[in-house]
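The values are calculated or read from the model by the stated rules, or taken from the named source; none is laboratory data. Here the structure is a predicted model, which is why all the values come from computation and not from measurement. Note: ideal-geometry Cβ built from the backbone for every residue, glycine included; neighbour counts use all protein chains shown. SASA here: full protein model, heavy atoms, side chains in, ligands and nucleic acids out. Shrake-Rupley method; radii C 1.70, N 1.55, O 1.52, S 1.80 Å.
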Amino acid sequence: MKRAFLLVFISLILFANNVNSQKHVIPFNRETITTNPAKGTNSYFSWGIFPRKNMPVRKILMHVTLGTPDSLPTAHWDYCDHIRIRRTGGKEAKDLKYEIGRMLTPYGSIYSKGWNFTWTVDVTDFSLLLRDSVEIEYEHTGYEPKTVGWALTIDFEIMAGPPAIKPISIVPVWDGQYPYGDPEHPFDESIKPFTFTKAKDAELARLRIQHTGHGMDEPKGCSEFCNRWREIYFDGKLVQHKDLWKNCGDNPLYPQGGTWIFDRALWCPGDLQEPDQIDVKPKPGVNTFSIKMEPYTATKNIQARENISAVLIQYSAPENKNDAAVEAILVPNSDKFYNRLNPACFNPEIKIRNLGSKPLKSLKIDYRTEGSMKRTYNWKGNLAFNETAEITIPAKIFFKEGKNRFIVQVYKPNGKQDAWVGDNSMSADFYSPDQVPEDFIIQYKTNNNPEENKIFILNEKGDTVYVKGPESVKPDTVYTDTIHLDAAPYEMYLTDEGGDGLEFWYKVNQGFGYLRLLDMQGHIIHLFEKDCGDGQKFAFVTTNNYTPPKKSVYDFFIYPKRIKDNKFTLHTYFDKKVNMEMRLLTIGNVVETHTFNNTPGGEYKFDISHLPEGRYIVEVYVNGELEYKTRINK
């Protein structure tokens, strides 16, 4: 309770004294959350103090962090959690139940103490409600035991400033789990059209939708694992046709402990869902939104549900004609959310948004690394109001060794003065790419499906200086290539057309592969993640003055992880003899320990026929430090 009052007091002081900077409201700060297996749902509530109603708010971002709790192991399963505004103004206020975010938890069994990951979603649409005292609910669903959990942090980042469009009203539209494919309860009869009256001064109506599919019927595996379309109609006219499907092999949170690579119904494990925003111009009087799903009838195990939550916000017309904003720096950036793209040597990437009423057709972009010269890029395109674009700037990224800061500023939208400069600039910290000797070794073991994989290295000009494609390799074979690259920056890519990496525990018949970079003395320079889904990138700079890292890097792998004959093998790579300990655990409990002193590495075979069927965690310690953690299924 003291912590909550302290946060409220600090927030009030900050908002009262400075309206021209970002402020933070943190209703949950490493709150340990667990499921209630008896009910399948467990809600946590906390109040936060937001800006006063008369304070202009430009933007509100909600950062959601899940981590390993201080006192429990990390939770294991992918569940659909809901973040809601419950009450505003006090405990006696009306219960609103507005869903402002949908968190799909990751498969966390392989994560240990100190792990965390942060996702971000824009919740500016709720700025009418996120005022003064607000009760926030985090509903954690699922049936795991209370012996595992998450450390939850929710951080609202609020930018003061004139709104690009002024919200007039907000009302709920749909909220429920609607049957799909059920011949006795058709979807169209379960979810009704929504009618509303145009508000005075409203020029834009925005339907904001959170929509995920769940359940596993026959014959298509709906709704979690079936691709189907959804259509939104406004006054009888189609305004959106969308395939409700999401690629999961490029998830920035990887690897995970379960079937994280499998594409799903508009969600992935370890994902704060980005809502759909559908903007229309309402006519005076009554207007109607309706929703339609692709026709489908299940034949067995009828259980598919479309989990839909939607609100309608009516807005004024955009306040200004020419108004552009920087939304994000994608490259370079050390934020873990962008780890699929970083580190990088070339081609900065940023995301912009048009907040002006006129289509954004041109924009000047100044960019630089702190300490280097400013450069300018002239962008051309065509963005309607609220549309975004991800821009790749064809240029080298300058950096010094260690930590750097990249700075970007946008200006002159359509050649005019920007209406508000408060969101025209942004900076991001990033770390320089690793150094690699000019002469090094690429060691590549194919799995049983090498036709899916390709390895290549690009130089600053975009030329391919090394390639190992499927036409030059055989299944389950080790290839060792000695490479010389003159001192310069490079980017190396491993791609996987199957979206299942060099190894994926569920696909035992795929076998396993690996990709390592070694120096000429056999020390590991870099390991590519085997369980990488769509692939992985490694940026590096070659040097003739390379110094090996002081701490050795080791490689580990268990195969198979989906065990049917009671046996598995631990594969290791050490550059010297070590003391190794392998522990086998259930949830938080050590089942058995195997110790190998002064061992050079190699293969270690284990028989677990004496253990019951189930899921086990494997931990490998080298010289007393945890170096590897994974999950196996018997």
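The rows are residues; the columns are (1) farther than 30 Å from T547 by Cα; (2) touching a strand residue (DSSP E or B) at 6+ places or on another chain (Cβ under 6 Å); (3) not polar (S, T, N, Q).
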position	(1), (2), (3)
E387	yes, yes, yes
K396	no, yes, yes
K416	yes, no, yes
I441	no, yes, yes
(message) Tally up the residues in the range 343-371 that are crowded, with 17+ Cβ neighbours inside 10 Å and either assigned to a strand (DSSP E or B) or touching a residue at least 60 places away in the same chain (Cβ under 8 Å) (or both), please.
(response) 18
(request) Could you tell me which of the residues R58, R87 is modelled with pLDDT of 95 or more, more than 26 Å from the chain's Cα centre (by Cα), buried (at least 16 other Cβ atoms within 10 Å of the Cβ) and not in a loop (DSSP other than H, G, I, E, B)? (result) R87
(request) Would you check which residues across the range 62-79 are assigned to a strand (DSSP E or B) and open to solvent by less than 10 Å² (accessible area, probe 1.4 Å) and list them? (result) M62, V64, L66, G67, T74
(message) Taking the conditions exactly as written (hydrophobic (A, V, I, L, M, F, W, C), part of a loop (DSSP other than H, G, I, E, B), in contact (Cβ under 8 Å) with a residue 12 or more places away in the chain and within 24 Å of R84 (Cβ to Cβ)), does A199 satisfy them or not?
(response) yes
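If the requirement is being among the polar types (S, T, N, Q), crowded, with 17+ Cβ neighbours inside 10 Å, at pLDDT 95 or above and not in a loop (DSSP other than H, G, I, E, B), which of these qualifies: T572, T482? If you could, list the steps in order and put the result at the bottom.
Details: T482 fails: crowded, with 17+ Cβ neighbours inside 10 Å.
It is T572.
Per-residue answers, yes or no, for (1) of a type in the set (D, E); (2) touching a helix residue (DSSP H, G or I) at 6+ places or on another chain (Cβ under 6 Å); (3) within 27 Å of I329 (Cα to Cα):
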{"position": "G422", "(1), (2), (3)": "no, no, yes"}
{"position": "D429", "(1), (2), (3)": "yes, no, yes"}
{"position": "P433", "(1), (2), (3)": "no, no, yes"}
{"position": "T446", "(1), (2), (3)": "no, no, no"}
{"position": "F456", "(1), (2), (3)": "no, no, yes"}
{"position": "K461", "(1), (2), (3)": "no, no, yes"}
(request) State yes or no: is K605 open to solvent by 70 Å² or more (accessible area, probe 1.4 Å), part of a strand (DSSP E or B) and farther than 27 Å from D519 by Cα? (result) yes
(request) Tell me which residues, restricted to the range 329-342, are part of a loop (DSSP other than H, G, I, E, B) and touching a strand residue (DSSP E or B) at 6+ places or on another chain (Cβ under 8 Å). (result) P332, N333, S334, D335, R340, L341, N342
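Filter the range 373-392 for residues that are without any contact (Cβ under 8 Å) to a residue 40 or more places away in the chain and surrounded by 16 or more Cβ atoms within 10 Å (Cβ to Cβ); which is nearest to K403 (Cα to Cα)? Talk me through it step by step, then tell me what you get.
The initial filter retains those residues of the range 373-392 that are without any contact (Cβ under 8 Å) to a residue 40 or more places away in the chain, namely 373-384, 387, 389.
Then keep just the ones that are surrounded by 16 or more Cβ atoms within 10 Å (Cβ to Cβ); that gives 377, 379, 383, 389.
Numbers: Y377: 24, W379: 28, L383: 34, A389: 28 Å.
Here the answer is Y377.
Just the residues that are assigned to a strand (DSSP E or B) and open to solvent by 10 Å² or more (accessible area, probe 1.4 Å), please, taken from the range 126-149. Write out each step before concluding.
Let us first name the residues in the range 126-149 that are assigned to a strand (DSSP E or B), namely 133-141, 149.
Within the range 126-149, S133, E135, E139, T141 qualify.
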(message) I'm told N589 meets every condition in (1) touching a residue at least 12 places away in the same chain (Cβ under 8 Å); (2) surrounded by fewer than 18 Cβ atoms within 10 Å (Cβ to Cβ) except one. Can you identify the failing condition by its number?
(response) (1)
(message) Here is a check on your reading of the model: is E99 modelled with pLDDT of 95 or more, acidic (D, E) and surrounded by fewer than 17 Cβ atoms within 10 Å (Cβ to Cβ)?
(response) no
(message) Which residue is most open to solvent (accessible area, probe 1.4 Å), if the candidates are limited to the range 307-336 and must be of a type in the set (D, E) and in contact with a Pro (Cβ under 8 Å, 6 or more places away or on another chain)?
(response) E319
(message) If the requirement is being surrounded by 14 or more Cβ atoms within 10 Å (Cβ to Cβ), at pLDDT 95 or above and either over 30 Å from A487 (Cβ atoms) or under 27 Å from the mean Cα position of the chain (by Cα) (or both), which of these qualifies: L518, L584?
(response) L584
(request) Within the range 163-196, track down each residue that is open to solvent by 20 Å² or more (accessible area, probe 1.4 Å), among the small types (G, A, S) and closer than 20 Å to K220 by Cβ. (result) S190
(message) Can you tell me which condition F440 does not meet? The list is (1) within 30 Å of P359 (Cβ to Cβ); (2) open to solvent by less than 40 Å² (accessible area, probe 1.4 Å), and all the others hold.
(response) (1)
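From the list I209, I158, exactly one residue is touching a Lys or Arg at 6+ places or on another chain (Cβ under 8 Å) and either charged (D, E, K, R) or open to solvent by less than 20 Å² (accessible area, probe 1.4 Å) (or both). Which is it? Can you show your working first?
Details: I209 fails: touching a Lys or Arg at 6+ places or on another chain (Cβ under 8 Å).
Just one listed residue meets the conditions, I158.
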(message) Restricting to the range 243-262, count the residues that are open to solvent by 50 Å² or more (accessible area, probe 1.4 Å) and either more than 21 Å from H82 (Cα to Cα) or touching a helix residue (DSSP H, G or I) at 6+ places or on another chain (Cβ under 6 Å) (or both).
(response) 4
(request) Give me the pairs, please: first residue somewhere in the range 281-295 and open to solvent by 20 Å² or more (accessible area, probe 1.4 Å), second residue anywhere and part of a loop (DSSP other than H, G, I, E, B), beta-carbon distance under 7 Å, and either six or more positions apart or on two chains. (result) K281/E203; K283/K198; P284/K198; G285/K198; T288/P193; T288/D235; S290/P193; E294/R228
(request) Give me the pairs, please: first residue somewhere in the range 230-254 and among the hydroxyl-bearing types (S, T, Y), second residue anywhere and open to solvent by less than 10 Å² (accessible area, probe 1.4 Å), beta-carbon distance under 6 Å, and either six or more positions apart or on two chains. (result) Y254/G533
(request) Can you tell me which residue within the range 528-568, out of those that are open to solvent by 20 Å² or more (accessible area, probe 1.4 Å) and part of a strand (DSSP E or B), is nearest to G498 (Cα to Cα)? (result) Q536
(request) Identify all residues within the range 298-328 that are in contact with a helix residue (DSSP H, G or I) (Cβ under 6 Å, 6 or more places away or on another chain) and not in a strand (DSSP E or B); write none if there are none. (result) N322
(message) Quick check on my filter: what residues within the range 106-125 are in contact with a strand residue (DSSP E or B) (Cβ under 7 Å, 6 or more places away or on another chain), assigned to a loop (DSSP other than H, G, I, E, B) and over 11 Å from L253 (Cα atoms)?
(response) S109, I110, Y111, S112, W115, V123
(request) Please tell me if G221 is open to solvent by less than 70 Å² (accessible area, probe 1.4 Å), more than 30 Å from I165 (Cβ to Cβ) and within 16 Å of the chain's Cα centre (by Cα). (result) no
